[in-house]
């Protein structure tokens, strides 16, 4: 059974700092890995999706890397802003299914607070 | 603003009530999902519909009954719920793709409280 762990559980940084969030998974036979952001009481917003054949993906100040063999992914946030405060979750898709839908396992998330 | 719309945003119901949660998307996605999320926990998959057919039921109790009347709508019918069913219920949709490169899009959820 795939298990997804995120460290740290919570992180508080001053505005402008660069930071790294970590995600690890036990079964390296993943199909893709996705990073999400969740604001309190809201749904999830997809940030980046990395296919198993890719090493990294970038979007603006965000960069996500994937090392399948070691079962790890990192989300790098550059020049953090107070608006980045949210919970960040990673989700791993283990296999392709004939239905073509995404069946994923989520980590518990890292709660980030960026202090002005 | 999200492209997946869920109604109602909040719902309080008694254990004997019958109610429904609704989810709508107009992105042409043919896979739709229901998740349950308890406080400070990750979302847990409940159901997956692919091309309007139920593809996954994660051993969800029968007091939760999903329905996909067309490619844009997904309902979750609730009956005789228990207090432990109180949670945030999230709907998501995605393209159906054998390449697995299509992200899921989530609604803002329905906050359900069972009295």
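The values are calculated or read from the model by the stated rules, or taken from the named source; none is laboratory data. This is a predicted model, so every value here is computed, not measured. Positions of Cβ are backbone-derived with ideal geometry, glycine not excepted, and every protein chain shown enters the neighbour counts.
Key figures for this structure:
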quantity	calculated
Positions within region A:12-36 being more than 18 Å from residue A:56 (Cα to Cα) and modelled with pLDDT of 95 or more, in sequence order	A:12, A:13, A:14, A:15, A:16, A:17
Test: residue in region B:55-64 that is over 25 Å from residue A:39 (Cβ atoms), modelled with pLDDT of 95 or more and in a strand (DSSP E or B)	yes
Leading residue by the ranking (farthest from the chain's Cα centre (by Cα)) among those in region A:6-26 that are closer than 25 Å to residue A:101 by Cβ and surrounded by 15 or more Cβ atoms within 10 Å (Cβ to Cβ)	A:25
Flag for residue A:63 being away from chain B (no Cβ under 11 Å), at pLDDT 90 or above and crowded, with 16+ Cβ neighbours inside 10 Å	yes
Region A:76-97, subset assigned to a strand (DSSP E or B) and either under 18 Å from residue B:46 (Cβ atoms) or over 15 Å from the mean Cα position of the chain (by Cα) (or both), residue modelled with the lowest pLDDT	A:93
Residue within region A:98-114 that is more than 10 Å from chain B (Cβ to nearest Cβ), at pLDDT below 95, within 18 Å of residue B:35 (Cα to Cα) and in contact with a strand residue (DSSP E or B) (Cβ under 8 Å, 6 or more places away or on another chain) present	no
Filtered residues of region B:83-104 (kept if exposed (fewer than 14 other Cβ atoms within 10 Å of the Cβ) and either away from every other protein chain (no Cβ under 14 Å) or in contact (Cβ under 8 Å) with a residue 60 or more places away in the chain (or both))	B:83, B:84
Tally, over region A:15-57, of residues that are within 14 Å of chain B (Cβ to nearest Cβ) and assigned to a loop (DSSP other than H, G, I, E, B)	11
Condition met for residue A:7 (within 14 Å of chain B (Cβ to nearest Cβ), on the phi < 0 side of the Ramachandran plot and modelled with pLDDT under 95)	no
Residue that is surrounded by fewer than 17 Cβ atoms within 10 Å (Cβ to Cβ) and within 14 Å of chain A (Cβ to nearest Cβ), where the choices are B:19, B:9	B:9
Qualifying residue in region B:60-82 (condition: within 8 Å of chain A (Cβ to nearest Cβ) and in contact with a strand residue (DSSP E or B) (Cβ under 8 Å, 6 or more places away or on another chain))	no
Scan of region B:28-44 for residues that are outside any loop (DSSP other than H, G, I, E, B), buried (at least 20 other Cβ atoms within 10 Å of the Cβ) and either facing chain A (nearest Cβ under 10 Å) or modelled with pLDDT under 95 (or both), ordered by number	B:31, B:32, B:33, B:35
